[in-house]
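Everything on this sheet refers to the single structure shown next.
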Amino acid sequence: MKLRAVREGLLLIALACLPAIGEGIYFRDKISWQSSIPASELVTVDQARAWGDGAIWVDARPDEEFARDHVPGAFSLNEDRWNELLPQFLPNWSPEKKVVVYCSAESCNAARDVAKRLRDDAQLRDVFVLQGGWEGWVKKNR
Amino acid sequence: MTKSFIWRIVDVIVGGIFIYAGVIKMLDPVQFANDIDNYKTLPWFFSVRLAFYLPWLEIFCGLAVIFRFLYRGGLSILMALIALFIAATIAARARGLDITCGCFGHASQHWSFPQHMAVDIAIFVGLIALWCSSRAQARSQL
């Protein structure tokens, strides 16, 4: 019985590969395969700084981390207090400005999620995620 | 007769849950890849590939359970998947990660940790019961 279960399981595992590969081919241009954030949505610290006043900085970290320190001029906008902070942020945005969102480090997902919500919910264009996050910023500004 | 009819109903319910969960995730692989990534267990390279594969595996195993074709293989894989998911959720919780599993699309987006656990354990128990019943049936046919 156990051998039969293993045999059947392996067959199912193999069968599921076929539509998965097909779907992967269908989505090949719609998903980033190497990084959770497509390269076109990432910006380095140097690039973002070069934008100067054309950039508007968004800190996606929790309130206490923002209170401790943040990029000068950055607005706090995290998912915990999204409904409260978004209306405070939006009047500072204008169509010609590029939005740079960052969280703690390269590995955090908050910046990606906030950037996605800014694009999808708030319908903003030119929203980028800072490569390396806050850690990256600190390293470049030591 | 009545007993086997009840087990068939359990088959359809448990199989149907996995088909539903699989279809929801299959329709939005990008979101599911982000959900896997939120567990911070696997690199994105694997998360994104699993996001294309796991929904189809769930659908095929769910169909196997409903139609009783490759039945034990389907049950074994689903038990392994749900056990793995329970372990990953507990581990994520222990590491203080606030995760959205996305298992049932928007329906599960705001479930609390105990709600997730209760649903997963109920499904796991259902799968074990089906496995035991299938063993008992196989023995009685000998």
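General remarks:
Conditions tested, residue by residue: (1) facing another protein chain (nearest Cβ under 7 Å); (2) part of a loop (DSSP other than H, G, I, E, B); (3) among the polar types (S, T, N, Q).
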residue: A:ALA5; (1), (2), (3): yes, no, no
residue: A:GLY9; (1), (2), (3): yes, no, no
residue: A:LEU12; (1), (2), (3): yes, no, no
residue: A:LEU15; (1), (2), (3): yes, no, no
residue: A:ALA20; (1), (2), (3): yes, no, no
residue: A:ILE37; (1), (2), (3): no, yes, no
residue: A:SER40; (1), (2), (3): no, no, yes
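- Filter result (in a helix (DSSP H, G or I) and either among the aromatic types (Phe, Trp, Tyr) or closer than 11 Å to A:ALA60 by Cβ (or both)) within the range A:117-138: A:ARG117, A:LEU118, A:GLY133, A:TRP134, A:TRP137
- Once the range B:28-37 is narrowed to residues that are within 19 Å of B:LEU97 (Cα to Cα) and at the interface with another protein chain (Cβ under 8 Å from one of its Cβ atoms), the residue that is surrounded by the most Cβ atoms within 10 Å (Cβ to Cβ) is B:ALA33.
Yes/no per residue for (1) surrounded by fewer than 13 Cβ atoms within 10 Å (Cβ to Cβ); (2) outside any loop (DSSP other than H, G, I, E, B); (3) within 14 Å of another protein chain (Cβ to nearest Cβ):
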| residue | (1), (2), (3) |
| --- | --- |
| A:ALA67 | yes, yes, no |
| A:HIS70 | no, no, no |
| A:GLY73 | yes, no, no |
| A:GLU84 | yes, yes, no |
| A:PRO87 | yes, yes, no |
| A:PRO91 | yes, yes, no |
| A:VAL99 | no, yes, no |
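- Complete set of residues in the range B:30-53 that are in contact with a Ser or Thr (Cβ under 8 Å, 6 or more places away or on another chain) and among the polar types (S, T, N, Q): B:ASN34, B:ASN38, B:SER47
- Filtering the range B:38-54 to residues that are facing another protein chain (nearest Cβ under 8 Å) and modelled with pLDDT of 85 or more leaves B:TRP44, B:PHE45, B:SER47, B:VAL48, B:ARG49, B:PHE52, B:TYR53.
- Residues in the range A:22-35 that are in a helix (DSSP H, G or I), more than 7 Å from chain B (Cβ to nearest Cβ) and either open to solvent by 80 Å² or more (accessible area, probe 1.4 Å) or among the charged types (D, E, K, R) (or both): A:ILE25, A:TYR26.
- Within the range A:1-28, considering residues that are closer than 16 Å to B:VAL48 by Cα and small (Gly, Ala, Ser), the one farthest from the chain's Cα centre (by Cα): A:ALA16
- For B:THR2, the conditions (1) more than 13 Å from the chain's Cα centre (by Cα); (2) facing chain A (nearest Cβ under 8 Å); (3) open to solvent by 20 Å² or more (accessible area, probe 1.4 Å); (4) among the hydroxyl-bearing types (Ser, Thr, Tyr) are fulfilled apart from (2).
- Some residue of the range A:18-35 being of a type outside the set (A, V, I, L, M, F, W, C) and closer than 16 Å to A:ALA105 by Cα: yes
- Qualifying residue in the range A:22-42 (condition: touching a Gly at 6+ places or on another chain (Cβ under 6 Å) and either aliphatic (A, V, I, L, M) or touching a residue at least 24 places away in the same chain (Cβ under 8 Å) (or both)): no
- Check on A:GLU79, within 14 Å of another protein chain (Cβ to nearest Cβ) and surrounded by 16 or more Cβ atoms within 10 Å (Cβ to Cβ): no
- Count of residues meeting criterion [within 8 Å of another protein chain (Cβ to nearest Cβ) and within 23 Å of B:HIS116 (Cβ to Cβ)] in the range B:56-73: 4
- Taking the range B:61-75 as the range and being in contact with a Phe, Trp or Tyr (Cβ under 9 Å, 6 or more places away or on another chain) and of a type outside the set (A, V, I, L, M) as the test, the residues that pass are B:CYS61, B:GLY62, B:ARG72, B:GLY74.
- Subset of the range B:5-27 that is in contact with a helix residue (DSSP H, G or I) (Cβ under 7 Å, 6 or more places away or on another chain) and of a type in the set (D, E, K, R) - its residue that is least open to solvent (accessible area, probe 1.4 Å): B:ASP11
The values are calculated or read from the model by the stated rules, or taken from the named source; none is laboratory data. All of these numbers come straight from a predicted model, not from anything done at the bench. Here the Cβ is made from the backbone with ideal geometry for all residues, glycine too, and neighbour counts use every protein chain on show. The area values use the complete protein model at the heavy-atom level, side chains included, leaving out ligands, DNA and RNA. Shrake-Rupley method; radii C 1.70, N 1.55, O 1.52, S 1.80 Å.
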